[in-house]
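**Q** My questions will all concern the structure given below.
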Amino acid sequence: MTDPAWLDEREQRAWRGFLAVNAAVRSRIARQLQQETGLSSADYAVLVSLSEAPGGRLRVFQLRVAADWEKTRLTHQITRMTSRGLVAREPCVDDPRGAFVVLTEAGWDAITGAAPLHVAHVRRWFFDALRPEQVEALLDLNDTVLGHLREADRTMGVPCPPCDVPSSCDDVLP
């Protein structure tokens, strides 16, 4: 076995800095949003995905892909949110085994109340610290790394989940 190509000092600082910034900003935003709205970051992520979906509804598979969560985590999250009236489960008429997660009126009220606060926190704790040219550099960096990952997936034959969603309602939520 060959030794790994260790990160040099600059690469190590860049990588650890990226992780630290990501964790610190997300944690601060999540904490403030929880205090102000009672929504966890997981609640907010589900509500955003549903609020942006046609009719405020997504198949479980689509929501799982959007959140990038394991099925059990999503199942527990949806159960908690259902008990609070933020979302509902609906069967799929095309496939009785399938299920949709649907935004309720209470869920809509929660996301429309929380979204402006979330945006204000993202701006305050992230974008206000950056100059316009740094935002452009960040956009370029994001595009470069995501493009690199997509190309690696393509060459390894890894499917693109959002592109490979079956047309029927084939995912089951217990």
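**Q** Among G98, G113, G85, which is the only one that is in contact with a Ser or Thr (Cβ under 8 Å, 6 or more places away or on another chain), under 19 Å from I29 (Cβ atoms) and touching a residue at least 12 places away in the same chain (Cβ under 8 Å)?
**A** Unique residue meeting the criteria: G113.
**Q** Determine which member of the set L39, L7 is within 17 Å of the chain's Cα centre (by Cα) and in a loop (DSSP other than H, G, I, E, B).
**A** Step by step, each of L39, L7 is checked, and only L39 is within 17 Å of the chain's Cα centre (by Cα) and in a loop (DSSP other than H, G, I, E, B).
**Q** Kindly check whether there is at least one residue in the stretch 99-106 that is small (G, A, S) and at pLDDT below 95.
**A** Yes, because at least one residue in the stretch 99-106 is small (G, A, S) and at pLDDT below 95.
**Q** How about the stretch 50-64: which of its residues are within 15 Å of the chain's Cα centre (by Cα) and crowded, with 18+ Cβ neighbours inside 10 Å? Explain how you work it out, then say what you get.
**A** Start the filter on the stretch 50-64 by keeping residues that are within 15 Å of the chain's Cα centre (by Cα), which leaves 50-53, 58, 60-64.
Of everything in the stretch 50-64, those that are within 15 Å of the chain's Cα centre (by Cα) and crowded, with 18+ Cβ neighbours inside 10 Å turn out to be L50, A53, L58, V60, F61, Q62, L63, R64.
**Q** Hey, another quick one. Whether any residue in the stretch 65-78 is under 15 Å from the mean Cα position of the chain (by Cα), surrounded by fewer than 21 Cβ atoms within 10 Å (Cβ to Cβ) and over 23 Å from S27 (Cα atoms) is what I want to check.
**A** Within the stretch 65-78 (the criterion being under 15 Å from the mean Cα position of the chain (by Cα), surrounded by fewer than 21 Cβ atoms within 10 Å (Cβ to Cβ) and over 23 Å from S27 (Cα atoms)), the answer is yes, since at least one residue qualifies.
**Q** Restricting to the stretch 57-107, what's the tally of residues that are in a loop (DSSP other than H, G, I, E, B) and more than 18 Å from Y44 (Cα to Cα)?
**A** 2
**Q** Could you check, for the stretch 16-30, whether at least one of its residues is loosely packed, with under 15 Cβ neighbours inside 10 Å, in a helix (DSSP H, G or I), of a type in the set (F, W, Y) and out of contact with any Cys (no Cβ under 8 Å at 6 or more places or on another chain)?
**A** We begin by selecting, within the stretch 16-30, every residue loosely packed, with under 15 Cβ neighbours inside 10 Å; these are 16-24, 26-28.
Still in the running and in a helix (DSSP H, G or I): 16-24, 26-28.
If we keep only those that are of a type in the set (F, W, Y) as well, we get 18.
Checking the rest, the ones that are also out of contact with any Cys (no Cβ under 8 Å at 6 or more places or on another chain) come to 18.
Yes - at least one qualifying residue is present in the stretch 16-30.
Residues are listed down the side, and each one gets a yes or a no for (1) out of contact with any strand residue (DSSP E or B) (no Cβ under 9 Å at 6 or more places or on another chain); (2) among the hydroxyl-bearing types (S, T, Y); (3) within 29 Å of V60 (Cβ to Cβ):
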position: A88; (1), (2), (3): no, no, yes
position: C92; (1), (2), (3): no, no, yes
position: A114; (1), (2), (3): yes, no, yes
position: P132; (1), (2), (3): yes, no, no
position: L146; (1), (2), (3): yes, no, yes
position: A152; (1), (2), (3): yes, no, yes
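**Q** Here's a follow-up. Here are D128, D140, D153: which of them is modelled with pLDDT of 95 or more, more than 23 Å from I29 (Cα to Cα) and part of a helix (DSSP H, G or I)?
**A** From the options D128, D140, D153, the qualifying one is D140.
The values are calculated or read from the model by the stated rules, or taken from the named source; none is laboratory data. Just so it is clear, the structure is predicted and the values come from calculations on it, not from any experiment. For neighbour counting, all protein chains shown are included, and Cβ atoms are generated from backbone atoms with ideal geometry for every residue, glycine included.
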